[in-house]
Amino acid sequence: MKKKILIVIADYYEEIAKGLLNSSLKSIPKKSLIKIIRVPGVFEIPVTISKNIKRYDAFLALGCVIKGETPHFDFISSATTNAIMDLSVNYKKPIGNGVITCLNQRQAKARKEKGKEAVKAIFSILSQK
């Protein structure tokens, strides 16, 4: 059976987002039906998934948050992660969390392949009986 996968990608950091997306697309089984929705930042990912939660079998949340000089990083990272987890648990649908949180651009660039790990996570849940 074909699985319908929605990828919601925050492209605030375009180069990092591109790497996350490319690594995830290489890892999704070819028989899957994929739709991609782009959002400006990671904070918009959970609401976009929520609006589409009944239309897809699984979701990939992709994006990057880089720490700045204010606590904004902590608030955005926590709020986004908590909202993604709440959606996944409440709707019993896998959401691969490929939102990377980094201290600087160097760390982010080194982690832009993390999309494939989020794909592995959703397909491990989809394969459960």
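Read-outs throughout are calculated quantities, based only on the coordinates presented, and are distinct from any laboratory measurement. Since the model is a prediction, treat every value here as computed from it, not as a measurement. We place every Cβ from the backbone using ideal geometry, glycine too, and count neighbours over all the protein chains shown.
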Of Ala17, Ser127, Ile45, whose Cα points farthest to the positive end of the dipole of the chain (charges on the beta-carbon: +1 Lys, Arg; -1 Asp, Glu; origin at the Cα centre)?
Ser127
Give me the angle, in degrees from 0 to 90, between the Cα long axis of helix 115-126 and the longest principal axis of the Cα atoms of the chain, rounded to the nearest 10.
30 degrees
Note down the net charge around Val8, summing +1 for each Lys or Arg and -1 for each Asp or Glu among other residues with Cβ under 9 Å from its Cβ.
0
Suppose every K and R has +1 on its Cβ and every D and E has -1 on its Cβ; what is the size of the dipole of the chain about the Cα centre, in Debye to the nearest 20?
860 debye
For the pair Lys51 and Lys26, what calculated FRET efficiency results from E = 1/(1 + (r/R0)^6), where r is the Cβ-Cβ distance and R0 = 25 Å, to the nearest 0.05?
0.40
How would you rank Val47, Val8, Val39, going from fewest to most other Cβ atoms within 10 Å of each one's own Cβ?
Val47, Val39, Val8
Pairs over 19 Å Cα to Cα, from Lys35/Lys116; Lys18/Lys116; Lys2/Lys35; Lys92/Lys116, come to Lys92/Lys116
Label point distance in nm, Ala110-Ile34, each placed 7 Å from Cα along Cα→Cβ
2.7 nm
Helix 72-91: angle to the longest alpha-carbon principal axis of the chain, degrees 0 to 90, nearest 10?
10 degrees
The distance between the Cα centres of region 1-75 and region 79-129, in whole Å, is 8 Å
Pick out, in residue order, every one of the GluC sites (Glu not before Pro) in region 40-129 that is DSSP loop and has at most 10 other C-beta atoms within 10 Å; say none if there are none.
Glu69
Which of Ser24, Ser77, Ser88 has the fewest Cβ neighbours within 10 Å, and the rest in rising order:
Ser77, Ser88, Ser24
